[in-house]
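Engineer: Following this message is one structure expressed as structure tokens.
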Amino acid sequence: MAEVGSVYIEGAALEFSWADPRRNLMELIYDTVSKAVEDAGQGYDGIDSVVLAAHDLVDGRSLSSMVTAPAAGAYLRDEVRYSDDGAGAFAAAVARIEAGESERTIVAAWGRASEHDVEELSRQLFDRIFLAPLGLQETHICAVNAQKWRINGGDTSSVEAAQKRRAVAAKANPRALQSGGWRSTPAYPLESDHLPLWADAVAAVVISGKPSSVRVKGLGLSSEPYWPGDRGLATAPALQRASERALAEAGMTAHEIDLFELDGMTLYDEAIALEAVGYAAKGQGMRVLAEDQRCNPSGGSAAGYSVPAMGLARIVEATLQLRATAGAVQVGKPRTAMASGLSVTAAQTQTVIILEAQ
Amino acid sequence: MSVAIIGVGQTGYRRSFPDKSSRELIWEAARLALEDADLDIDAIDMVISGVAPDALAGEASVERTAMLGFGKPFLRINTGGVTGSSTVFAGNTFIRAKRARAVLVVGLERMGQATSSQQVFNTIFDPVYEKDFPLTTITMAALRASMLMRLYGYTAMHWAKIAARSYQNALKNPLAHLHVDITPEDVLNSPLLAWPIHRYEACPMSEGACAMVLVNDQMVGDRTPAWIQGAASITDSYAMGDRIHRPGATLVDLLSLKLAAQRAYAQAGVDKPRDQVRAIELYSAFSSAEAMAYPALGMCEASDGPRFVEDQFTDPKIPVFNPSGGPQGANPVSVTAMVRIAEAALQVRDMAGERQVADVDRAVATGQGGATQFSTVCVLGKRPAP
């Protein structure tokens, strides 16, 4: 049984692709999970647990974990599938080790945007009577958040610079999607480049209670009401609470964090996230995103996006940064990093993970 | 750290609830569980929800519309037929990890909104090799039942007796979906769905919600607990053909359930399950599924299964199977495995009403999902695990 704060990331892998005609979903999963297990250097024998984040409606078949779980190493192991974001599944996997239920766990998350209608799926998330007739998608809620942020006095002078920095990072990131993918039609005030680049994504890590190069220093989860009108628009209160819990567990403040990989569907969401976690002052998230290389060095949602994998993708990017193996997007030698993941509907739930280099 | 169930809430189960929204069902089950636990939602540290195939409900991520306790950590699980037990196990994990003192777990099934559940279930099978058979959960179970008959000598009457016993038990359970006085002969005279399975051997399509409150040992106080003594889950291979010829375990040996039982029993200190367990709530959607569970749970050798069925009606020392009526009485798919644990908890807490089995010191609940690919075993007792 590992105490809180005694769980480590031993291996990590992330791959973005687009409509790869040579590999089916199971092969995509197997390839990335195998890379994470190889990266951990312990083989499959010591792994006794598998925690997944995936969704039937994204995978395109009912109870899709029947066919996908074995590809992630679940055969005759204790396996559970969260239909939730990968960072939430990561938190659950950490709890398994802390509870003494597992010695070593694979956490994997994926989504294949090339094989499902992301916009139709997004519309299905909204209440069938009051919201669905409006044709709402999650990116429309992002646009409402962005507009509210501007109305609240958010500093818009850095929007172009922030987007440019994001695009440069995404182009340099060796794990980012470099060809293929697509973006939805933007709703005001969002512009096309602000939107997530739909991609096929698989992320995987191997964690255990044995000391390794990256330690889980804190985690927190939180939620918001379902109805958009009941939400704290432009302030991401669930993310704020989740980060407060994670920081308290880590015994840190946001300004003591060396690097951020925060999940946001759009450019504005990433800026709002920096404010919610307490790193950027209110209304200054966009400026910080434009100027501070330590904020989403991966390129964020411009590097590729597919639910429900993105929280775990952010954790992988943060892990690589802490190990100084992030490649062209490496930012110095950070000692601590914060990663976050959001889930439906339109960021109703949030998970924050704080990692520390050993 | 020991974890106990101190609150159980069930809406009761029926073919559909046209007068209730999904969130009303979830809230109703949660309210009942919190009242049973004598706790307010403010005392809950985390909410974990379980809803399996969204396609059955025709609503995507429906649990999000019914979120309880805004601001609390919230996660959602989908592991098919074992969704309910996986959800309880996740709550158990977060408490044992000391990340929560009290967790509300809640499950919902709305399959009454599905035009045909079997069309949905057909999509769980391989789209190239299996889907066009047409393979469904019924034909899948029929393949197993015929294999059990050939290997171990089960007869149609064995399946009928198991089903009739469950229906008789369901008559004592006011929450059950079906309350029908059915004999083994009635089962055999019911329409054939897929040989050898008759209609009354199959579970119904049911809707409903179930919720439970799990707490750590310090929060139990003077409440009546059902302690989680053991909890284990195992995943098998996807292709059923891969489970036929492997050494040591055929398709009907339920290797995943056997391994899960071994782990859960070890945690609970159970080494003679037939003597140490008094009530067993099985996720057995068909009579043959129950027969497959007997050897996996250590009740008898596989070859003695037919006799074990007969002995249940004459030997009072044998554990009571599905006193609630089991899935024959109600099968709200994504909730059924949670209902098994809830009913086992009620038995251990001596709160099962007319369906109460005498002297239940320890009870076992199983979960089974994904064409028997996923298995869970939960051991509950009047005391924490030794």
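The values are calculated or read from the model by the stated rules, or taken from the named source; none is laboratory data. Since the structure is predicted, the reported quantities are computational estimates derived from the model, not experimental observations. Cβ placement follows ideal geometry from the backbone for every residue including glycine, while neighbour counts extend to all protein chains displayed. Just so you know, the surface numbers come from the protein's heavy atoms only, side chains and all, with ligands and any DNA or RNA stripped out. Shrake-Rupley method; radii C 1.70, N 1.55, O 1.52, S 1.80 Å.
Engineer: Could you figure out which of (1) under 22 Å from B:P332 (Cα atoms); (2) out of contact with any Leu (no Cβ under 7 Å at 6 or more places or on another chain); (3) open to solvent by 40 Å² or more (accessible area, probe 1.4 Å) isn't true of B:R165?
Structural biologist: Failing condition for B:R165: (3).
Engineer: Please pick out the residue among A:L274, A:L247 that is buried (at least 24 other Cβ atoms within 10 Å of the Cβ) and part of a helix (DSSP H, G or I).
Structural biologist: Selected residue: A:L274, the only one of A:L274, A:L247 that is buried (at least 24 other Cβ atoms within 10 Å of the Cβ) and part of a helix (DSSP H, G or I).
Engineer: Name the residues in segment B:196-230 that are of a type in the set (V, I, T), part of a strand (DSSP E or B) and out of contact with any Phe, Trp or Tyr (no Cβ under 7 Å at 6 or more places or on another chain), would you?
Structural biologist: Within segment B:196-230, B:V213, B:V215, B:I228 meet the criteria.
Engineer: In addition: Inspect all residues belonging to segment A:297-310 and state whether any of them is more than 25 Å from A:L233 (Cβ to Cβ), outside any loop (DSSP other than H, G, I, E, B) and either out of contact with any Ser or Thr (no Cβ under 6 Å at 6 or more places or on another chain) or charged (D, E, K, R) (or both).
Structural biologist: Yes, segment A:297-310 has at least one match.
Engineer: Name the single residue that is least open to solvent (accessible area, probe 1.4 Å) among those in segment B:121-153 being modelled with pLDDT of 80 or more and among the basic types (K, R).
Structural biologist: Once the filter is applied, the top-ranked residue is B:R144.
Engineer: Considering every residue within segment A:305-327, establish whether at least one is surrounded by 24 or more Cβ atoms within 10 Å (Cβ to Cβ), within 17 Å of A:K217 (Cβ to Cβ), of a type in the set (S, T, Y) and within 11 Å of the chain's Cα centre (by Cα).
Structural biologist: The answer is no, given that none of the residues of segment A:305-327 is surrounded by 24 or more Cβ atoms within 10 Å (Cβ to Cβ), within 17 Å of A:K217 (Cβ to Cβ), of a type in the set (S, T, Y) and within 11 Å of the chain's Cα centre (by Cα).
Engineer: From the list B:A231, B:A226, which residue is open to solvent by less than 60 Å² (accessible area, probe 1.4 Å), under 25 Å from A:A99 (Cα atoms) and within 14 Å of chain A (Cβ to nearest Cβ)?
Structural biologist: Checking each option against the conditions leaves just B:A231.
Engineer: Exactly one condition in (1) under 21 Å from B:A231 (Cα atoms); (2) surrounded by fewer than 20 Cβ atoms within 10 Å (Cβ to Cβ); (3) among the hydroxyl-bearing types (S, T, Y) is not met by B:T314; state its number.
Structural biologist: Among (1) under 21 Å from B:A231 (Cα atoms); (2) surrounded by fewer than 20 Cβ atoms within 10 Å (Cβ to Cβ); (3) among the hydroxyl-bearing types (S, T, Y), B:T314 violates only (1).
Engineer: Now for a separate question. Pick from segment B:175-215 the residues that are open to solvent by less than 20 Å² (accessible area, probe 1.4 Å) and among the charged types (D, E, K, R): which of them is farthest from B:V3 (Cα to Cα)?
Structural biologist: B:E201
Engineer: Let me ask another. List, please: which pairs have Cβ atoms under 7 Å, are six or more places apart or on different chains, and start with a residue in segment A:26-53 that is modelled with pLDDT under 95 and end with one that is open to solvent by 10 Å² or more (accessible area, probe 1.4 Å) and among the basic types (K, R)?
Structural biologist: Short answer, once both residue conditions are applied: A:Q42/A:R104; A:G46/A:R104.
Engineer: Take segment A:98-127 and flag every residue that is touching a strand residue (DSSP E or B) at 6+ places or on another chain (Cβ under 9 Å) and within 8 Å of another protein chain (Cβ to nearest Cβ).
Structural biologist: First, the residues of segment A:98-127 that are touching a strand residue (DSSP E or B) at 6+ places or on another chain (Cβ under 9 Å): A:98, A:101-115, A:118.
Listed by number, the residues that qualify are A:E98, A:E101.
This table checks each residue for (1) part of a loop (DSSP other than H, G, I, E, B); (2) out of contact with any strand residue (DSSP E or B) (no Cβ under 7 Å at 6 or more places or on another chain); (3) among the aliphatic types (A, V, I, L, M).
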{"residue": "A:K164", "(1), (2), (3)": "no, yes, no"}
{"residue": "A:V168", "(1), (2), (3)": "no, yes, yes"}
{"residue": "A:A176", "(1), (2), (3)": "yes, no, yes"}
{"residue": "A:S179", "(1), (2), (3)": "yes, yes, no"}
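Engineer: Scan the strands (runs of 3 or more DSSP E) fully inside segment B:38-109 and keep the ones with 3 or more residues being more than 7 Å from chain A (Cβ to nearest Cβ).
Structural biologist: So the answer is B:46-50, B:102-109.
Engineer: Only one of these is of a type in the set (A, V, I, L, M, F, W, C) and touching a Phe, Trp or Tyr at 6+ places or on another chain (Cβ under 7 Å): B:V47, B:V3, B:V106. Name it. Give the steps one after another, and end with the answer.
Structural biologist: Values: B:V3 fails: touching a Phe, Trp or Tyr at 6+ places or on another chain (Cβ under 7 Å); B:V106 fails: touching a Phe, Trp or Tyr at 6+ places or on another chain (Cβ under 7 Å).
Result of the check over B:V47, B:V3, B:V106: B:V47.
Engineer: Say whether the condition of being touching a strand residue (DSSP E or B) at 6+ places or on another chain (Cβ under 6 Å), open to solvent by less than 10 Å² (accessible area, probe 1.4 Å) and either within 12 Å of another protein chain (Cβ to nearest Cβ) or within 22 Å of A:D56 (Cβ to Cβ) (or both) is met by at least one residue in segment B:3-14.
Structural biologist: Looking through segment B:3-14, at least one residue is touching a strand residue (DSSP E or B) at 6+ places or on another chain (Cβ under 6 Å), open to solvent by less than 10 Å² (accessible area, probe 1.4 Å) and either within 12 Å of another protein chain (Cβ to nearest Cβ) or within 22 Å of A:D56 (Cβ to Cβ) (or both).
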